[in-house]
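Worksheet for the structure shown next.
The values are calculated or read from the model by the stated rules, or taken from the named source; none is laboratory data. The model shown is predicted, which means the values in this text are computed figures rather than measured ones. Cβ coordinates were reconstructed from backbone atoms using ideal geometry, including for glycine residues, and neighbour counts include every protein chain displayed.
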Amino acid sequence: MLQSIFLSISLVAILQFYLWRYAVKTSNAGWVDFGWSAGMAVSALVIFSTSPFSVRSLVVSLLLLAWASRLALHILLDRLLRGKPEDDRYKNLREHWGAQANRKFLGFFLGQALLVGVFMIPALVVAHRSGPFPDVFDVLGLVLAISAITLESIADRQLARFRAYPGSKGRVCNRGLWRYSRHPNYFFEWVHWFGYVVMGIGAPLWLYTFLGPFFMFLFLRFLTGVPHAERQSLRSRGDAYRAYQQTTSVFFPWIPRKL
């Protein structure tokens, strides 16, 4: 398993290095997000190619590949190829680092390869679980993960359709899944990781499957996900978003409150 992790980290580091070079040319560090999600797709291929072959290892590799590929494609089409300006997170880092920004961004890009090594562990544990496939844990885990990926995709499409309306500027998307959570895409991205926890039940290293949901919740809820999106929405939507904050759950879907 350690060899698989090391191989993934090495391959993703190479990918991120070339994406960093392109990011320097385009002055857009947002390519690091594409590199991380594409790197998770690379890790799925590594898991399949280095694990003892079984139907379970094939299925869990395809599951991880599907999730990572959808996310990478969404980032590529929705942000990077549409000519959107550099994300405020990276603008602020660029200003803070000043003349050393490009050099420090290299370390930031390469650091994502280490995160890929951490987040591939749950699927890797499942791939090494022995026993007949499918059993009840395989079925429950797959249903949970596929449902979460589907709902995450629906949330992204609902937001994209709302933003495409000419009169959406300055307004808040509170339709569909966004009526019950201010960040349903993040929530279902997090839920997807519990699929590996369920599928891994019975594996010798099962407790390591919790690394996925634990670190994903930490990043999405408190570090790079929700806090940044909330600040950005308050700047662009002002009072409309403040009212949305008063009625709608920040992360976990819940019935909207009345003002």
Next item on the list: Might you check whether a residue that is crowded, with 16+ Cβ neighbours inside 10 Å, free of Cβ contacts under 8 Å to residues at least 40 places away in the same chain and within 15 Å of the chain's Cα centre (by Cα) occurs anywhere in the range 222-245?
Entry: no
Note to self: Given the criterion in contact (Cβ under 8 Å) with a residue 24 or more places away in the chain, surrounded by fewer than 24 Cβ atoms within 10 Å (Cβ to Cβ) and of a type in the set (Ser, Thr, Tyr), identify the matching residue among SER27, SER8.
What the structure shows: SER27
Note to self: Take the conditions on the phi < 0 side of the Ramachandran plot, exposed (fewer than 13 other Cβ atoms within 10 Å of the Cβ) and in the same structural domain as LEU63 (by TED's automatic domain parsing) and apply them to ARG163. Does it pass?
What the structure shows: no
Notebook entry, point to check: Just one of VAL55, VAL59, VAL46 is at pLDDT 90 or above and buried (at least 20 other Cβ atoms within 10 Å of the Cβ); which is it?
Noted result: VAL46
Checklist line | Among the residues listed as SER49, SER8, the single one being assigned by TED's automatic domain parsing to the domain that holds ARG103 and farther than 25 Å from PHE105 by Cβ | finding: SER49
Check: Which one of these is crowded, with 18+ Cβ neighbours inside 10 Å and among the basic types (Lys, Arg): ARG175, ARG182, ARG171?
Finding: ARG182
Notebook entry, point to check: Only one residue in LEU115, LEU93, LEU64 is buried (at least 18 other Cβ atoms within 10 Å of the Cβ) and either touching a strand residue (DSSP E or B) at 6+ places or on another chain (Cβ under 7 Å) or within 23 Å of ALA13 (Cβ to Cβ) (or both), so which one is that?
Noted result: LEU64
